[in-house]
Every structure is written in C-alpha cells, then in structure tokens.
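Notes for the one structure printed next.
We did not get these values from a lab; they are worked out from the coordinates using the rules stated. Everything numeric in this text was worked out from a predicted model, so none of it was measured. Every residue, glycine as well, gets a Cβ built from its backbone with ideal geometry; the counts of neighbours run over all protein chains shown.
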Amino acid sequence: VRNNFYLTTPLYYVNDVPHIGHSYTNVLADCIARFRRLQGRKVFFLTGTDEHGDKIARAAKAEGVDPQAFVDKIAPRFEKLWTHLGISHDDFIRTTQERHTRAVQTVLERLHKKGDIFSGDYQGYYCTPCETFWSGGQLVEGKCPDCGRSVETLEEKNWFFKLSEYQSWLIEHIQANPQFILPKSRRNEILSFLKTPLLDLCISRPRKRLTWGIEMPFDKDYVTYVWFDALINYISGCGFPENGARLKEWWPCDIQLIGKDILRHHAVIWPIMLKALDLDIPKTILAHGWWTVDGEKMSKSKGNVVDPYQVINEWGRDAYRYFLLREVPVGQDGDFSEEAIGRRYQNELGNDLGNLVNRVFSMVKRYRQGVIPGPASKSSSGSPETRSLIKDSLELPDQLEGAMAQYDFKKALEAIWRVVDTANRYVEETKPWELAKQEDAKLDEVLYTLCEVIRILAIFLGPFVPDTALKISEILGVKPPDDGSWKAKSRWGELRPKGVLGPSQILFPRKDEIG
Ligand SMILES: [Zn+2]
C-alpha cells in the first residue's frame, strides 16, 4: 500500500463569492486530509480557483475591469475563507497561473498529435442578449435557458475531443471499479447516461467571440473551453508535465471531491482525457449533495445565500464543520437552517461533549485540586462500569477507520458520540460527588478513567472539530498526536497521573450567554 494520499476539491469558479456549498466540499476534504495525516499517510491536499471563460469575461466587463484584474480580486476571497475555516490544504492552484497554462497546452498538443483532437463544424445556438453559446441539448423549449428569449442558429469551425472513441472503455472501467464513482446512486446515474452514444466534445472557442482563455497551441484563432482547461489542474497541481517524479509520487489521485452538479465532467470527460493521455484514472470520485436553506433552493435572487462568515461568527467554526459533517450522509442533500445548527450546537456539542469535559475537569479541580489522580486499576480490572467504558473507547479507532474508509463522516461522528454518551452515563452511575465523601480509591479510579477517555476522545475529534480537540489537549497538558502515532497514543493508560489541569475553557458557551 502506498503511503501517499492525494485529494482534491473542484476549482471554484470565481464569478461569485464563496458560499456554504463551496465550504462544504472543503470541510469534507479537510476532514479526510486530517484523518489520513493522523493515520500517518503523507497527504497532498489541493484546492484552488477556476478563472477562465465567458462568464468571467462578462463579469469583468460589467465592472469595467480587465479579466485578470477581476480574478486577482476574487481568488484571494476563497483563500481567505479557507484560512478562516482552518482548511489544511497544501496548495492553492489558479488556472491563470503559468504552471497550469503550460500543462493545458501540453495536453492539447499531445492529444492533437495523437489524433484525439480534430477540427469540425460546430452547430449551436447563440443568445445575443446573454452573449452565450448554447448546444441544442441545453435549450429549454428551443429558447435560451437563462433568459427564455429566442436564440440564433450558429455554425462555425471548432476543435473537438474524441470522447466517443473511449465510451466502451469508460463503461468497462466503471463496471470493473465499484469505488470509482461514489455514492452508488451517482455511479448508476453515469452508467445510465452512458447508454446513449457520447458526442465528441467541442473544446475550443473562436477568439472572435471569446479571448479570455488558454490559447490553443496549434491554432491561435481559438482559446480552450473552460472545462477542458480547468480539469487539467488536478495534474498540473502535482507536477505535470515537467516534474515526472513528482507526478509519479502523487498521481493517480486517491479521492476527488465534487458536487453532484459537476459529476459528468469528472466521471466522463476527465477519465477519458486521462486515458487518452495514458495516465492513470483517479481511484474515487465522490459526489456530495446540495444544501437548501430553510427548505428552499439557495439563490441570489431569493437573497438566501448562506454566508459562511456569518454562520462562523454566530456559532464558531467547529460548530459549522460539525454541522456540515454530521447533518446528512455524504451524497444526500441537506437543509441548512439556524434552528438545525442551533439544535446540534446545544445538544451534541454543548450538552453532550461540552458538559462532559466541563464537569469532569471541574470535579478534578474540586476534589483533587486540579491534579489528575493515578489509575486505581489497569484496563483489565476496575469496576464493571469502568471496564465497559474502557472497552468502548478502545473500539473507536477501528470503528473510525471503517467509517472513514467509506467516507461516512456521519457514522464516524456517531461512533465518537456513543463514547461521549457512555462517559456521561458513567458519571451519572458512579456519582463522583458521593464518592468524594468517603471512597478515595474509587474516586481516583472514576476521575482517572474519565480524564483518560476525554484525552482519547480529543485525538479522534481532531479531524472533525480541530479547535475543540486542541483546547481539550491543552487543558489536559498533553500534546496532540504526531502524524501517524494516533493508535499508539489512543492506547489506554497513556495519560500520566499527577499532571495538573490547565485553566478551564468553556468549549461551547450557551447561546444565551454568548450575547
Ligand atoms: Zn439569453
């Protein structure tokens, strides 16, 4: 098994400011990246921005600026949000960067030479008010899908990529690799789409209509279709074409996260491009669902677009991450509402986790002057309640590895929370406040057991709610595990007795106290 792990998010199109949908993909990816690092894998996590095409040319024109100046203004907003959210990406690629342009032109040249790119007549439709080119399949009842007005027929020479040539290969590849498209429903969607013959893909735009794109190296009158250009980032971001050693180190990608709206680009066009280039196919394309807001589709015109900054400001970034990861199984659509995030904040984060940590550390301070007592027993002894809680926490690493191997974030969090619940029940059953009146040894056992469970929980919480995990480790005075050491560190009894607890921190303040 190779130790390197490469994961990507889509490149976000910079005609808009980042919203909840963009941040969802990056939170999922970040959770995977952190989890793999914890397992000791060497991770390369790539995200970035997609900056060509006529939508951007038009947005720039509307602002009266040159497209490069326009994208230079928008792209940093994405980087800023990722910093604000604690996203741990290793590289941020922009399709206007020279490393990328060079890679795209290399791909075009190779495929042209090979005969997979050919020139032909393109028949399509043009909406003059929208300045947009549409294919027959995109029209709605023969009209422009954006504005509903009539369109003109247009015929022009263009460059095409031979998708059709690789259709039967692609079907076989998907059938032979059940993990290639996840979830299964999306895989079936693509297989059913592939029952109709694929049309070759028009990959050029005449310069007379659009100049904002990467020039076709063998025909200066054309620029490259923005999707063909953007997909190549996944290899231009890891060394293609010059750095063969680096490419070999990371490619093929282990997982590419996308939204379900761009599934065909990633599960049909992209693997065929790679096959034509004689490059390996990514192991997994994971398509997640969409977020509605209060049951409605998010749209600018409705004014209900969720601004991640606002939510983070209100609830904190860990609560935001937790909500996105826990609310729905990946692949399904989710609904965002203040009420829904508020419920999870108050119940699972505040009442379950926050209270556990707070009451245990308070008891250690009250009954043992803040000094962690020594364990009265090894994992094999102790009271039945103690043994059962130890057993639960020892089973967690395998449960998490199983859930994360399936990219089941919800299941992973549910497994962690079962231990949180068991620990809370343990407090109720052992009643440390009564033990404090007489039984010294028994109270030591209970408090040590609880501190040790909390320490282990903090290790597992790291990929999901990193700030919270760090705060807990700080109070306990332990270092978060180095990459790869989590199994060793999550063994029972690693917590040294006699350690002094640091200053208390309320992990999830009650909402009415946040003010
Ligand atoms: Zn139109």
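What number comes out for the charge environment of residue 265, summing +1 per Lys or Arg and -1 per Asp or Glu over other residues with Cβ under 12 Å away?
Result for the local shell: -1.
About its Cα centre, the dipole of the chain is roughly 1020 debye, where the only charges are +1 on Lys and Arg Cβ and -1 on Asp and Glu Cβ.
Taken about its Cα centre, the range 62-109 carries a charge dipole of roughly 120 debye when the Cβ of each Lys and Arg holds +1 and the Cβ of each Asp and Glu holds -1. Membrane-span-like helices in the chain: DSSP H runs reaching 27 Å or more (Cα, own axis), mean Kyte hydropathy at least 1.0? Helices meeting the criterion: 440-461. Going 7 Å from the Cα of residue 487 in the Cα-to-Cβ direction, what parts of the range 393-415 have a backbone nitrogen less than 16 Å from that spot? Output list for this probe position: 394-405. Peptides 488-496, 230-238, 314-322 ranked from most to least packed, by the mean per-residue count of other Cβ atoms within 10 Å: 230-238, 314-322, 488-496.
In the neighborhood of residue 61, defined by Cβ-to-Cβ distances under 13 Å, what is the net charge if each Lys or Arg adds +1 and each Asp or Glu adds -1?
Details: positive: 55, 58; negative: 54, 63, 66, 131.
Every neighbour counted, the sum reads -2.
Counting only Cβ charges, +1 for Lys and Arg and -1 for Asp and Glu, the dipole size of the range 12-84 around its Cα centre is about 500 debye. When only alpha carbons are used to place a centre, the range 373-440 and the range 217-289 end up 44 Å from one another. 3J(HN,Hα) along the range 334-350, derived from phi through the Karplus expression 6.51 cos²θ - 1.76 cosθ + 1.60 where θ = phi - 60°, amounts to x, 10, 9, 8, 4, 5, 5, 5, x, 5, 5, 4, 6, 7, 6, 7, x Hz, with x in place of Gly and Pro. Counted by neighbouring Cβ atoms within 10 Å, the residues 61, 113 run from fewest to most as 113, 61.
Per residue of the range 248-262, in order, report the coupling 6.51 cos²θ - 1.76 cosθ + 1.60 (Karplus, θ = phi - 60°) as ³J(HN,Hα) in whole Hz, putting x for Gly and Pro. With the stated coefficients, the range 248-262 comes to 5, 5, 10, 8, x, 4, 7, 8, 10, 8, 8, x, 5, 6, 10 Hz. Local charge sum around residue 14 (other residues, Cβ-Cβ under 10 Å, Lys/Arg +1, Asp/Glu -1)? Charge balance in the 10 Å sphere: 0. With Cα atoms defining each centre, the range 37-114 and the range 458-490 are spaced 32 Å apart in the structure. Amide H contacts of residue 48: 12, 93, each under 5 Å away and 5 or more positions distant or on a separate chain (H built 1.01 Å from N in the peptide plane; Pro and chain starts excluded). Distances between placed amide hydrogens fall under 5 Å for residue 499 paired with 372, all partners being 5 or more residues away or on another chain.
Set against the 2.2 N^0.38 Å expectation for a compact globular protein, the chain has a Cα radius of gyration ratio of 1.13. Peptides 5-15, 349-359 ranked from most to least packed, by the mean per-residue count of other Cβ atoms within 10 Å: 5-15, 349-359. Restricting the calculation to Cα atoms, the range 87-134 yields a radius of gyration followed by a Dmax of 16.9, 46 Å.
The label point for residue 114 and the one for residue 335, both projected 7 Å from the Cα toward the Cβ, are 4.7 nm apart. When the convex hull of the C-alpha atoms of the range 452-514 is computed, what volume per residue in Å³ does it have? Cα convex hull per residue, to the nearest whole number: 86 Å³.
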